[in-house]
1. Expressed as a fraction of 2.2 N^0.38 Å, the rule-of-thumb size for a compact globular protein of N residues, what is the C-alpha radius of gyration of the stretch A:188-302?
2. Just the number: Rg to Rh for the stretch A:4-265, Cα atoms, Kirkwood Rh, two decimals.
3. Relative contact order, percent, of chain A when contacts are C-alpha pairs under 8 Å separated by at least 6 residues?
4. Highest mean first, what order results for A:443-452, A:283-292, A:45-54, A:221-230 on Cβ atoms within 10 Å?
5. Express the accessible area of chain A per residue in Å², computed with a 1.4 Å probe while the remaining protein chains stay in the model.
6. Using only the alpha-carbon atoms of the stretch A:28-96 as identical scatterers, what base-10 log of I(q)/I(0) does the Debye formula give at q = 0.11, 0.22, 0.25 Å⁻¹?
7. Which value, to two decimals, describes the C-alpha radius of gyration of the stretch A:370-425 once divided by 2.2 N^0.38 Å?
8. I'd like the distance between the alpha-carbon centres of the stretch A:5-82 and the stretch A:222-287, rounded to an integer number of Å.
Amino acid sequence: MNLKLYNSIAREKQDFQPIDPQNVTMYVCGPTVYNYVHIGNARPAVVFDTLYRVLRAIYPGVTYARNITDIDDKIINKSNELSVDINEITESFSDAYFEDMVALNTLEPDVIPYATQHIPEMIQMVETLVEKGHAYPADSNVEADKGHVLFSVPSMSKYGELSKRNLEEQEAGARVEVAGYKQYAGDFVLWKPSSEKEPGWASPWGRGRPGWHLECSAMIKKHLGDTIDIHGGGHDLIFPHHENEIAQSCCANDGKPLANFWMHNGFINIDGEKMSKSLGNFRLVRDLLQQYPGEVLRYVILSSHYRSEQNFSKELLDSAWRTLDSLYGFIRGVAPAESHLNSSGDGFKALLDDLNTPVAISELYRLAKAVNQANGAEQVALMQELKGLSDILGLLQQDPEQWFTLARGNDQLSVEQIEQQIQARQQAKQDKDFAKADQIRQQLLDAGVVLEDSREGTKWRRA
RNA sequence: GGCGCUGUAGCAAAGUGGUAAUGCAGUGGACUGCAACUCCGCCAUCGUCGGUUCGAUUCCGACCAGCGCCUCCA
């Protein structure tokens, strides 16, 4: 049973070997809490949650950390825009984030570090970098430039190892003007000054706040150590964010690598286009949850391989919902069973192969179908295996009966009304008044309720 | 310009040097008073053109078409 993971820094699938098999360490970049998260933010959370579950099934200990970035210019802007205190912004949006993550069946990480609670560690790291000649305070006569501390990219010979970029060949400043106080165009901010109106902390370079990249480096060092097993995040974070994290941590920690495995999930597009402010096509998890159960969103995310791009659309969501209906349909009426992971089953084996969730899901389907056709002890065993696999995937976590009564967004009838109608139809059937029975069934169907007759009686479900 | 990704059935999505998992949709049949559910079955030659090979969707090359990153970004 060996886990293979695609390592972005090596650009190939590799056998995963933890530093300490007793305690695997994983860090994933979490959200900047200035707004509700969109479905793109949900992908890494769901993907790495699934990996977390796989790791926990293999190793006795796993420490998973996912941060909250609660100090950032975007947050400050939002605060100004709404004239709301910055703490209120970060608290309400981090709370909302946690709610959304629960809806997506993600487990709570072991550590949830907040950037603002690690300012001393960050300052410490900057000081170390300055001492070692990897960082410098901006030297400028311009008042606004003072108080910046920058990382000196040329001081690190291996810079660019993750993204395989040669800064000379990049279009430096293609999108952002190069600040005049930088010694080198590629240098990035470790610490920046804060005005009286902006949140700030005292530092050797004056009152200021940390740069984005610094947060993760400092929090990883504090909670997980100098070198961790797995560092995850979205594909777009490879450069500059992760590259800069490597630079900071590696240079501050005597050249030790920051992470042995770098993993990056692909993007989610909407109707073929990237989500962007200009297109106004963000899909907030919160909004989608108004229309779809969180498990449908999770299913969609896991239905394609985490490294490929995924195109979100209404059709995809609706189709995923129908599939889950079908899955729940197979186990409806089957007694719940203890979770029992078959670690040599095809589903788990697929997950060990760089988290091949589409194949694991197909196995889920095969098992559910088998459960439906088996009975007795065989059925119990299959149900246990199904439960074992679905628990790793974080799917089929609800009671089937409840699943089928879940609100579908267009519900016109209450459970009582539905059951009343079913009674009436039952009577009509007994009276051989099929016209009336069919009429009732049609009315229910029009109201989004499908009936399923069986020997044991009539079941219904919303669809 | 630099780095990189993708192109498999109506849709979604795995995969392999030896003639293509799975789901949704569709469709034929069984079951049903009729349906729904369920069950049995059907439904693709893998962007194009070359090359390597006994044999390629899978390796190599070219081309075509999309797309991402290059200091906000999951």
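1. 1.38
2. 0.96
3. 16
4. In decreasing order of mean packing, A:443-452, A:283-292, A:45-54, A:221-230 become A:45-54, A:221-230, A:283-292, A:443-452.
5. Accessible area per residue, chain A: 47 Å².
6. Per q value, in the given order, log10 I(q)/I(0) is -0.35, -0.90, -1.04.
7. Cα-based Rg divided by the globular estimate yields 1.58.
8. Value for the Cα centre distance between the two parts: 8 Å.
The values are calculated or read from the model by the stated rules, or taken from the named source; none is laboratory data. Small disclaimer: the values here were computed from a predicted structure and weren't measured. All Cβ positions, glycine included, derive from the backbone under ideal geometry; neighbour counts span all protein chains shown. Calculation scope for accessible area: heavy atoms of the full protein, side chains included, ligands and nucleic acids excluded. Shrake-Rupley method; radii C 1.70, N 1.55, O 1.52, S 1.80 Å.
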